[in-house]
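Below is one structure, written out as structure tokens, with a few remarks after it.
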Amino acid sequence: MKMVKGFMLCSAAGLLAMSGAQAADLPVKAKAVEYVKICSLYGAGFYYIPGTDTCIKIGGYLRADTTFNGGIQDAPAWNGDLGQKNRYRDQFTSRARMALTVDTRTATEYGVVRTFGQGDFTFDAPNASKPGTAAPAGAGSAFAAEFLFIQFAGFTFGKSASAFATPWHGYPGNNTSFLLGGHDTVTGVNNIQYTAQFGNGVSGTIGLDEPTVYWRTKIGYLIPGSVDAVGTTPNAYGGTAAPDIVGNIRIDQAWGVFQLSGAGHLNNASYNALSTAAAPNALSEISGHPESKWGGSVMAALQIKNIPTGPGDDIKMDATYAVGNTKNVISTSSGSPNFAMFGSGDGASYQSVGFGNTTDSMYVPGSGLELTTAYGFRGAFNHNWDPYWSTSLFGSYSVVRHTDTAKAFYCAAYVASNTGAKSADFSCNPDFNVSQLGVVTRWTPVKNLTFSAEVQWFHLDQKFTGTSVLTPTAPKPTAVYSFKDQDTVSFQVRAQRNF
């Protein structure tokens, strides 16, 4: 019995010793978790990246919209199947998009170092496709990178808004991404720019923009066979030879914003000897080329705040004049459109047609470049009915004009390319005007969730007269068409949640 008791006591002592040894190996207390800290230096929504002094903000939006009698994002029915009003046109179309933004900022002895990026995940409803075409245009899912830039000591490097742009780009009050009359780089353009702050809200920016994506429309190539039935010329631009030189002076005050902008743009054609589609051939390189010419544009922009119609109401407007830089007037958030719209005919014609060919300049082989002149105005009045409802009335007017020499070259090429019989009162003039008027009403039932409805009227004022036998793109027949101004109306509904 004594032996059993002794054995049990020894065993208990051993267990206590082992238990003490194990307890000594464990940490006395777990380290506190380092939670993400709010960064109040740069506004709401910023947090410190753990273990750094860099602040980050994640944001974006999710949007769904549907357009009736128009293209994606309320594009007017101004060309293609929509302009023809044929049975391949989509009488409504829709888009769903989620945009994600990442904004980082770090305080340094040189000032704040900032990086910003935005990526868009988009699904567009597939467009109708004619038999024999490769695939429906604009169908399905896509990813697009918008702004991608670094800012340091006043400099901006990367894909950002041009220094020519207003703070509201092409959106003084509209939902549509197709309000003409002025500049629009709302999705960014590759550039290098420097901004100086002079105090009291006065700043100045100068920059160099990559011109190919946003600043060029086309250089029209004019030979027999190169101008189609709706007046469109092929594009004879050469490669990028010089950046666009841009800049602005801006005043930001409590009463609003005033800005003056300027841009220089190089028109450089490829060759004199090209196909009717402006494609090169074996004679192109030895044929020479027109001498390159600089064009440019100027813009004045104004925002007036604190107007007597109500709190938060404002007026935004801008006016632009361009020579050889038409993209700054006939401008969208992507490329510049050509216009080709059909309507009802009369007793002397199968249907009516109106068109407008958008160029920076035009030439015939052996001639110099004839720069195109354009000017436009756009603006909006924005009114808040109450904290939940608001309405914007917006509009624009744009003019495109050509030199007498350019008109003569263009009309000779148009007649030689479209040899069908013409009426006695036929006349050719590639000048045109376009105007838009619209209204959008928004309902915001809770913060950052908005439902809106927009209606937009578009008018094409073309300058041809008389009738002609034409062969437009199928399914239109070869027939007599009369030249007339054209109109279209579109309607869009949208739901958007910002976060």
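Among the residues of region 220-266, which ones are of a type in the set (Gly, Ala, Ser) and in a strand (DSSP E or B)? Correct list: GLY220, GLY247, GLY256, SER261, GLY262, ALA263, GLY264. Just one of ASN127, ASN86 is among the polar types (S, T, N, Q) and either at pLDDT below 95 or surrounded by fewer than 16 Cβ atoms within 10 Å (Cβ to Cβ) (or both); which is it? Checking each option against the conditions leaves just ASN127.
Can you find a residue in region 469-483 that is touching a strand residue (DSSP E or B) at 6+ places or on another chain (Cβ under 8 Å), surrounded by fewer than 20 Cβ atoms within 10 Å (Cβ to Cβ), under 19 Å from THR232 (Cβ atoms) and of a type in the set (S, T, N, Q)? Taking every residue of region 469-483 in turn, at least one turns out to be touching a strand residue (DSSP E or B) at 6+ places or on another chain (Cβ under 8 Å), surrounded by fewer than 20 Cβ atoms within 10 Å (Cβ to Cβ), under 19 Å from THR232 (Cβ atoms) and of a type in the set (S, T, N, Q).
Here ASP386 meets the list (1) surrounded by fewer than 24 Cβ atoms within 10 Å (Cβ to Cβ); (2) under 30 Å from GLY310 (Cα atoms); (3) in contact (Cβ under 8 Å) with a residue 40 or more places away in the chain almost entirely, failing just condition (3). Evaluation of ALA412 against the conditions (1) more than 28 Å from the chain's Cα centre (by Cα); (2) within 23 Å of GLY262 (Cβ to Cβ); (3) not β-branched (Val, Ile, Thr) shows that the sole unmet condition is (2). Screening GLY239 with (1) out of contact with any helix residue (DSSP H, G or I) (no Cβ under 9 Å at 6 or more places or on another chain); (2) of a type outside the set (D, E, K, R); (3) surrounded by 18 or more Cβ atoms within 10 Å (Cβ to Cβ) gives one miss only, at (3).
Give me the residue from region 268-294 that is assigned to a loop (DSSP other than H, G, I, E, B) and either of a type in the set (D, E, K, R) or modelled with pLDDT under 95 (or both) and, out of that set, farthest from PHE394 (Cα to Cα).
First, the residues of region 268-294 that are assigned to a loop (DSSP other than H, G, I, E, B): 268, 270-292.
Cutting the leftovers down to either of a type in the set (D, E, K, R) or modelled with pLDDT under 95 (or both) gives us 285, 291.
Values: GLU285: 48, GLU291: 40 Å.
Among them, the one singled out is GLU285.
Restricting attention to region 429-488, which residues are in contact (Cβ under 8 Å) with a residue 60 or more places away in the chain, over 24 Å from VAL230 (Cβ atoms) and not hydroxyl-bearing (Ser, Thr, Tyr)? Selection gives GLY438, VAL440, GLU454. Summed over region 403-443, residues that are over 18 Å from GLN486 (Cα atoms), surrounded by 17 or more Cβ atoms within 10 Å (Cβ to Cβ) and of a type outside the set (Gly, Ala, Ser) total 10.
The values are calculated or read from the model by the stated rules, or taken from the named source; none is laboratory data. These numbers were taken from a predicted model, which means no experiment stands behind them. Cβ sites come from the backbone with ideal geometry, for glycine too, and all protein chains shown count toward neighbours.
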